[in-house]
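Here the structure is laid out as structure tokens; the discussion comes afterwards.
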Amino acid sequence: MIETDRRRALRAGAGLVAAGALTTGCAATGPAPARDRPPATTTPRPARPAPAAAPAPRRFPGLPAQISHGPRTRPQVALTFHGQGDPATARALLAQAEQADARITVLAVGSWLDAHPDLARRILDGGHDLGNHTHHHLDINAMSEADAHAEITGCADRLRRLTGSIGTWFRPSRTQTATPLVERLAHRAGYPHVLSYDVDSLDFTSPGAPAVTRAVVGGIREGSVVSLHFGYADTVAALPAVLEELERRGLRAVTTTELLT
């Protein structure tokens, strides 16, 4: 009897040990280790679309090879800026124009674009015209044919690389009008017209903001194309007053392309 009870006790103990082993095994089969889990799936970000190519130069039938102003019959003007100098002033002038719902034309120097390539797209993204003002901003009318051609195409190449276009306009450097030779070279490079102007702000002489304002508002009228510059504090200080006077007269600042369309 005692032997039978001892055997029953041993069998019961063995059952408890087996049950404990099963319980421990279930606890150990919880979530798989991190290394065994399938990788988390993520939704791929859509590719950012490539920027659209900038507008190409246009031919305006009936207009001369060198354009100094637009129609005198519409209340529009073009404020054109030579693109060179401190990029901070460029950004400030762009912001001022956009705040006033004005659009401008920037004739950029190629070496300036080399130093500040982001500004090409910044100008276009603001709805402004972007054009060519030679590569080194030298006296292009005094150059040999080969050197003048290199100045025009050098800037055109940079504009094309940055924006997909050679720009909408060409303006010769250090002169109001191009010689017949420079005019032909610009045409050969892809620019049907040379962009001149009929109002000179003289802001590059740093005469003070009031003098810049007087020069612009004293000469501007319907269809005027005004010469201004990036890189000068006087221009930044004068532009709000210029834009305010344009609004008072009912004149709207538009791109040169819009002025002539």
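Observations on the model:
- Residue that is under 13 Å from the mean Cα position of the chain (by Cα), of a type outside the set (Phe, Trp, Tyr), modelled with pLDDT of 95 or more and on the phi < 0 side of the Ramachandran plot, where the choices are THR105, THR89: THR105
- The residues in the range 94-133 that are under 20 Å from VAL77 (Cα atoms) and out of contact with any strand residue (DSSP E or B) (no Cβ under 9 Å at 6 or more places or on another chain) can be counted, and the count is 6.
- Across the range 179-190, the number of residues qualifying as within 27 Å of PHE204 (Cα to Cα) and either touching a Phe, Trp or Tyr at 6+ places or on another chain (Cβ under 7 Å) or open to solvent by 10 Å² or more (accessible area, probe 1.4 Å) (or both) comes to 5.
- Residue match in the range 155-170 (condition: in a helix (DSSP H, G or I) and within 20 Å of LEU228 (Cα to Cα)): yes
- Helices (runs of 4 or more DSSP H) wholly inside the range 61-137 containing at least 2 residues that are under 22 Å from GLY219 (Cβ atoms) and in contact (Cβ under 8 Å) with a residue 40 or more places away in the chain: 87-99
- Helices (runs of 4 or more DSSP H) wholly inside the range 188-261 containing at least 1 residues that are under 26 Å from LEU159 (Cα atoms): 233-249, 256-260
- Extreme residue, surrounded by the most Cβ atoms within 10 Å (Cβ to Cβ), among residues of the range 191-222 that are among the β-branched types (Val, Ile, Thr) and closer than 21 Å to HIS137 by Cα: VAL199
- Any hit, the range 151-166, residues being more than 17 Å from GLY190 (Cα to Cα), in contact with a helix residue (DSSP H, G or I) (Cβ under 9 Å, 6 or more places away or on another chain), open to solvent by 50 Å² or more (accessible area, probe 1.4 Å) and not aliphatic (A, V, I, L, M): no
- Per-region count, the range 55-86, residues open to solvent by 10 Å² or more (accessible area, probe 1.4 Å) and within 17 Å of the chain's Cα centre (by Cα): 6
The values are calculated or read from the model by the stated rules, or taken from the named source; none is laboratory data. Source: prediction; values computed, not measured. Virtual Cβ from ideal backbone geometry, glycine too; neighbours counted across all protein chains shown. These area figures cover heavy atoms from the full protein model, side chains too; ligands, DNA and RNA do not enter into them. Shrake-Rupley method; radii C 1.70, N 1.55, O 1.52, S 1.80 Å.
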